[in-house]
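Asks: First, the structure itself, so that you have it in front of you.
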Amino acid sequence: MDTNQSKMLFDKAKKCIPGGVNSPVRAFGAVGGHPFFVERAEGPWLYDVDGNRYLDYVCSWGPGILGHAHPRVVEAVRKACGGGLTFGAPTAGEVELAELIHVCVPDVEMVRLVSSGTEAVMSAVRVARGFTGREKIIKFAGNYHGHSDGLLVKAGSGLMTQSVPDSAGVPAGYAESTLTAVYNDEQSVRRMMEENSGQVAAIVVEPVAANMGVVPPKEGFLEFLRRITKEKGALLIFDEVITGFRLALGGATEYTGVHADLHTFGKIVGGGMPLAAYGGSREIMSCVAPLGEVYQAGTLSGNPVAVTAGITTLKILMEDRGMYRRIDTKAERIAEAFCKKGLTVNRAGSLLTVFFTSDCAQSGMNVANYEDACRCDREAFAGYFHRMLERGIYVAPSQFEAMFVSDAHSEELIDWTCEAIAQSVARAQQ
């Protein structure tokens, strides 16, 4: 496979962009080699600058649930662009998108649109602190909630990939107000709540973790978080930047039956454009300026082009509820292909991760938390990654990310993927 143009671009990019990329995991640092540079995408396919085609299971890290360049979304965006790119003033589309989010997730009675998942979670945490009058929050090791200062404490995703537990440049005072518990461990949460009685504003959690690999909650864990936050006067924040509209149209609440106080959305809610949102009950969201004293603003918040992409995507999902069953079934087939090779695989709906960890595979246990995930054989994963790439299949270049299945992945492509998995895993295990 010729990738000379990508290599030349990467060498050029490293001279003017830190690491040559605008988001760390794109650099292929965890798997070796250099990234390919995308020229265009359509349906389930990516096409690079060298003319190579890849079957895409990254889907822009989640937004591409419909596949790339869905005709309805593209046409709606083109029309919106013709009317202007940004106004810094309210538009009818913002109202329509907020109403659609409420229809999908009824607990979100009021919503504020922002431009990124990081901004959404940072703002939701600020709302929780303003509403409760408390300062501390509890998060979980391996859960990633964006790169705001107070949340880069034992985060997952790119930080795990590079073996960086925290980020330089974060003042100690920010980290001190962030308490880190063990995902799927009720006792660690209870202990922190008791040791910080009356000081915890919120527990923020990925309802299905997807940044230390996919790690579903154990039975009863989310229910426990809901119960203890109510008992202690804290709020429960579901970080649904990945799971929102991915696990189900109603996100984690529909998928698990557990209700949170605040939700954050990204990825799919913007239909592939830079857009995110946070919201909750009318009582809580009334704290946000200009109604309340919790200040948050953004010049491009509610950008009309991004809003149009989000509206169109949600409408397509609402019109075709059967799509969730289709993509879940396809993801299940891929998971079975990994299981046949004796590997541990975690799946939640159309999200899945294969873990190159013999301990869990031999004991029949799933990877349940950050420590389990860290036992993985990253070298074996890197070998598997490159074998898949050689076959024209692009999976995330990190052991600690998810595979995303889209509605554009046909049954025939799933067949091909399962065959490639069998061959790639066998070679990686040699």
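The values are calculated or read from the model by the stated rules, or taken from the named source; none is laboratory data. In this text the structure is predicted, and so the values were computed from the model without any measurement. Neighbour counts run over all protein chains shown; Cβ positions are idealised from the backbone, glycine included. Calculation scope for accessible area: heavy atoms of the full protein, side chains included, ligands and nucleic acids excluded. Shrake-Rupley method; radii C 1.70, N 1.55, O 1.52, S 1.80 Å.
Asks: What do you reckon, is A76 touching a helix residue (DSSP H, G or I) at 6+ places or on another chain (Cβ under 9 Å) and part of a strand (DSSP E or B)?
Replies: On the way: touching a helix residue (DSSP H, G or I) at 6+ places or on another chain (Cβ under 9 Å): yes; part of a strand (DSSP E or B): no.
So A76 fails the test.
Asks: If you scan region 79-115, which residues turn out to be in a helix (DSSP H, G or I), free of Cβ contacts under 8 Å to residues at least 60 places away in the same chain and over 27 Å from the mean Cα position of the chain (by Cα)?
Replies: Passing the criteria: G82, A92.
Asks: Then there's this: Can you run down the residue pairs with Cβ atoms below 8 Å, 6 or more apart or on separate chains, where the first is in region 314-329 and part of a loop (DSSP other than H, G, I, E, B) and the partner is at pLDDT below 95 and among the acidic types (D, E)?
Replies: none
Asks: When the residues of region 149-168 are narrowed to those that are within 21 Å of Q199 (Cα to Cα) and either touching a helix residue (DSSP H, G or I) at 6+ places or on another chain (Cβ under 6 Å) or basic (K, R) (or both), which ends up modelled with the lowest pLDDT?
Replies: We begin by selecting, within region 149-168, every residue within 21 Å of Q199 (Cα to Cα); these are 149-154.
Checking the rest, the ones that are also either touching a helix residue (DSSP H, G or I) at 6+ places or on another chain (Cβ under 6 Å) or basic (K, R) (or both) come to 149-150, 153-154.
Details: D149: 76, G150: 78, V153: 67, K154: 58.
That would be K154.
Asks: For region 263-298, how many residues meet the condition of being closer than 30 Å to E42 by Cα, in a loop (DSSP other than H, G, I, E, B) and hydrophobic (A, V, I, L, M, F, W, C)? Before the answer, list the steps.
Replies: So in region 263-298, the residues closer than 30 Å to E42 by Cα come out as 264-278.
Narrowing the set further to residues that are in a loop (DSSP other than H, G, I, E, B) leaves 266, 271-275.
Right, trim to hydrophobic (A, V, I, L, M, F, W, C) and you get 273, 275.
The total comes to 2.
Asks: Name the residues in region 309-356 that are among the acidic types (D, E), within 21 Å of the chain's Cα centre (by Cα) and within 19 Å of A420 (Cα to Cα), would you? Quick ask: steps written out before the conclusion?
Replies: The first filter runs over region 309-356 and keeps only residues among the acidic types (D, E), leaving 319-320, 328, 332, 336.
The next check asks that each one be within 21 Å of the chain's Cα centre (by Cα); those that pass are 328, 332.
Of everything in region 309-356, just one residue is among the acidic types (D, E), within 21 Å of the chain's Cα centre (by Cα) and within 19 Å of A420 (Cα to Cα), namely E332.
Asks: Which residue pairs have Cβ atoms under 6 Å apart, sit 6 or more places apart or on different chains, and have a first residue in region 391-405 that is within 15 Å of T243 (Cβ to Cβ) and a second that is of a type in the set (A, V, I, L, M, F, W, C)?
Replies: Sorted first by the residue in region 391-405, then by its partner, the pairs are A402/A210; A402/V214; A402/L351; M403/L352; M403/V395; F404/C59; V405/I327; V405/A331.
Asks: While we're here: Every residue in region 169-199 that is assigned to a loop (DSSP other than H, G, I, E, B), polar (S, T, N, Q) and open to solvent by 70 Å² or more (accessible area, probe 1.4 Å), please. Break it down into steps so the answer makes sense when it comes.
Replies: Taking region 169-199 first, the residues assigned to a loop (DSSP other than H, G, I, E, B) are 169-171, 177, 182-185, 196-199.
Imposing the further condition that a residue be polar (S, T, N, Q) reduces the set to 177, 184, 196-197, 199.
Those that are assigned to a loop (DSSP other than H, G, I, E, B), polar (S, T, N, Q) and open to solvent by 70 Å² or more (accessible area, probe 1.4 Å): S197, Q199.
Asks: Specify which of the listed residues (F36, F10) is open to solvent by less than 50 Å² (accessible area, probe 1.4 Å) and in a helix (DSSP H, G or I). Lay out the reasoning, then the answer.
Replies: Numbers: F36 fails: in a helix (DSSP H, G or I).
None of the others qualify; the one that does is F10.
Asks: Could you tell me which numbered condition M212 fails, if it satisfies all but one of (1) open to solvent by 10 Å² or more (accessible area, probe 1.4 Å); (2) at pLDDT below 95?
Replies: Looking at each condition in turn, M212 falls short on (1).
Asks: Among residues belonging to region 54-78 that are charged (D, E, K, R) and touching a residue at least 60 places away in the same chain (Cβ under 8 Å), point out the one that is most open to solvent (accessible area, probe 1.4 Å). I'd like the intermediate steps shown before the answer.
Replies: Taking region 54-78 as the starting set, the residues that turn out to be charged (D, E, K, R) are 56, 72, 75, 78.
So of that shortlist, the ones also touching a residue at least 60 places away in the same chain (Cβ under 8 Å) come out as 56, 72.
Numbers: D56: 2, R72: 107 Å².
Checking each candidate, the answer is R72.
Asks: Can you confirm whether region 13-30 contains a residue that is open to solvent by less than 70 Å² (accessible area, probe 1.4 Å), without any contact (Cβ under 8 Å) to a residue 40 or more places away in the chain and of a type outside the set (A, V, I, L, M, F, W, C)?
Replies: yes
Asks: From the list A306, A252, exactly one residue is at pLDDT 95 or above, buried (at least 20 other Cβ atoms within 10 Å of the Cβ) and either in contact with a strand residue (DSSP E or B) (Cβ under 6 Å, 6 or more places away or on another chain) or among the polar types (S, T, N, Q) (or both). Which is it? Lay out the reasoning, then the answer.
Replies: Numbers: A306 fails: either in contact with a strand residue (DSSP E or B) (Cβ under 6 Å, 6 or more places away or on another chain) or among the polar types (S, T, N, Q) (or both).
Exactly one residue qualifies, and that residue is A252.
Asks: Kindly indicate whether any position in region 134-149 is part of a helix (DSSP H, G or I), among the charged types (D, E, K, R) and open to solvent by 40 Å² or more (accessible area, probe 1.4 Å).
Replies: The first filter runs over region 134-149 and keeps only residues part of a helix (DSSP H, G or I), leaving 149.
Cutting the leftovers down to among the charged types (D, E, K, R) gives us 149.
Remaining after also requiring open to solvent by 40 Å² or more (accessible area, probe 1.4 Å): 149.
Within region 134-149, one or more residues are part of a helix (DSSP H, G or I), among the charged types (D, E, K, R) and open to solvent by 40 Å² or more (accessible area, probe 1.4 Å).
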